[in-house]
């Protein structure tokens, strides 16, 4: 399991994360929400070991997170791939280089679920749409059944129907394979519908961690209530009963 | 791929044709009477108008620009560079002798440049911003700021005059080539170090690398598939330009170190307005450039298939 224990991260002179603690069990989904600049991307970078915490520790089953080979779905789909190589190369390089195992029908199933026709993988990133590139990013992350996946705004580049199908595919695979998913998103509707817990980040601190039900019905903090009400007003969330 | 190579070759031919025309036009229109210059180079004294007229007719300067250009360019198509206007000797054998001094010097200069710059750039990028990196950048900047003629004189002063380890002039033994090759090589090393260093740093900063690295792709595979091909493209571009610097530098270095070669050959030919000799050097140099750039373009396409494509 993922354990983030009192982690602070400095970026230059300012402190980007202040004493963050959270945990995530296999098979569970934690959605991290918050406004731009709240520290969401810094949290992902710290979990991946790209930024060193100035205080605290981040572990997966007691070991550094990199030991579990976490998969990452990046926010910017175009920059998620080597532009000179085919998408197929990018999808399979983690499999072949990491000597990971892939079931025979997995590529076909994932492509079907993500609405990607197989020939698309022979193109380079510049020759597909942003939405297609985002779905190939999800394909790359899930192809070799990772134990832990970090999703950075996974659905932001997709249209509403594809968002729905992709979210369902991720949820189905998670049910079958039991990977832990940490999803950074602005989309409160997606977080409420698919996460087991929602962590709200504000100015580098966790404002509140709660289940979607509690977040919708009776958030403790003023900030969470404001977030919820704004999402309801925008139509991203159903009004609380 | 074949279509794009054919396209590159056609472009190369246009460059060569343009070079031939430009060289001939520049020599033709340069101030002063070319026939007089040739006559003076031949007879080494003040010459009469009759002699100049004979020379003008003999070397084909009396038929007008386009006719003279055509009569020079036609034999060139079968690599006949003609005879020197001054000595009457065939240009090609003398040119090949000059090249046999210059090309090895340029190649050794290039080798020194690569041997110095590649390890220096790799050491520098181990810890970007560290003291080794700053030192490497400082050395490279210093090297780029020093002109070849000054570095050459400095090396002569240190290694020939004060230490008396190496000869300063001539080309009789391999030891005579050390200082000229160092003069050329250190200049090349300076610019290559900077470009290899920045190429590696830029390639390592590609945003998709953390995702595949954390997923288990080894540093070796990342280096081979993502860093080296990305870093190699600007390095190749500069290497192509360095070929220009090497030949241009070799000409200057030969004169500083009193070595025979293309430098002396070219300077003597320009002073005498020896059209066939000057044109032969320029055409051969242009041919070399075009070939080097052609090879680099083909390597570009192998490293990054997007280059030269419609959707690139």
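Key figures for this structure:
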| read-out | value |
| --- | --- |
| Odd one out for residue B:258, checked against (1) under 30 Å from residue B:33 (Cβ atoms); (2) modelled with pLDDT of 85 or more; (3) not assigned by TED's automatic domain parsing to the domain that holds residue B:78 | (1) |
| Residues of the range A:33-44 that turn out to be in contact with a strand residue (DSSP E or B) (Cβ under 8 Å, 6 or more places away or on another chain) and either part of a helix (DSSP H, G or I) or over 20 Å from residue A:210 (Cα atoms) (or both), as a count | 5 |
| From the options A:72, A:50, residue that is touching a helix residue (DSSP H, G or I) at 6+ places or on another chain (Cβ under 6 Å) and surrounded by fewer than 16 Cβ atoms within 10 Å (Cβ to Cβ) | A:50 |
| The one condition in (1) within 14 Å of chain A (Cβ to nearest Cβ); (2) over 30 Å from residue A:93 (Cα atoms) that residue B:175 fails to fulfil | (1) |
| Residue ranges of helices (runs of 4 or more DSSP H) in the range B:56-160 with at least 1 members in contact with a strand residue (DSSP E or B) (Cβ under 9 Å, 6 or more places away or on another chain) | B:91-126 |
| Matching residues in the range A:203-218 - criterion: being surrounded by 15 or more Cβ atoms within 10 Å (Cβ to Cβ) and either closer than 18 Å to residue A:183 by Cβ or without any contact (Cβ under 8 Å) to a residue 12 or more places away in the chain (or both) | A:206, A:207, A:208, A:209, A:210, A:212, A:214, A:215, A:216 |
| Selected residue (criterion: surrounded by the fewest Cβ atoms within 10 Å (Cβ to Cβ)) from residues of the range A:118-128 that are more than 13 Å from chain B (Cβ to nearest Cβ) and at pLDDT below 90 | A:119 |
| So residue A:109, is it part of a helix (DSSP H, G or I), more than 11 Å from chain B (Cβ to nearest Cβ) and either in contact (Cβ under 8 Å) with a residue 60 or more places away in the chain or surrounded by fewer than 21 Cβ atoms within 10 Å (Cβ to Cβ) (or both) | yes |
| Selected residue [touching a residue at least 24 places away in the same chain (Cβ under 8 Å) and under 21 Å from residue B:256 (Cα atoms)] from B:148, B:140 | B:148 |
| First in the range B:6-31 and surrounded by 12 or more Cβ atoms within 10 Å (Cβ to Cβ), second anywhere and outside any helix (DSSP H, G or I), Cβ under 7 Å, 6 or more apart | B:27/B:273 |
| Members of the range A:2-53 found to be at positive phi and under 18 Å from the mean Cα position of the chain (by Cα), listed by number | A:27, A:34, A:37, A:39, A:49 |
| Filtered residues of the range A:54-86 (kept if in a strand (DSSP E or B), over 18 Å from the mean Cα position of the chain (by Cα) and within 14 Å of chain B (Cβ to nearest Cβ)) | A:63, A:64 |
| Count of the range B:188-241 residues which are part of a helix (DSSP H, G or I), more than 8 Å from every other protein chain (Cβ to nearest Cβ) and within 19 Å of residue B:303 (Cβ to Cβ) | 29 |
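The values are calculated or read from the model by the stated rules, or taken from the named source; none is laboratory data. Given the structure is predicted, the values throughout are model-derived calculations rather than measurements. Counting neighbours? That spans all protein chains shown, and the Cβs are built from the backbone with ideal geometry, glycine included.
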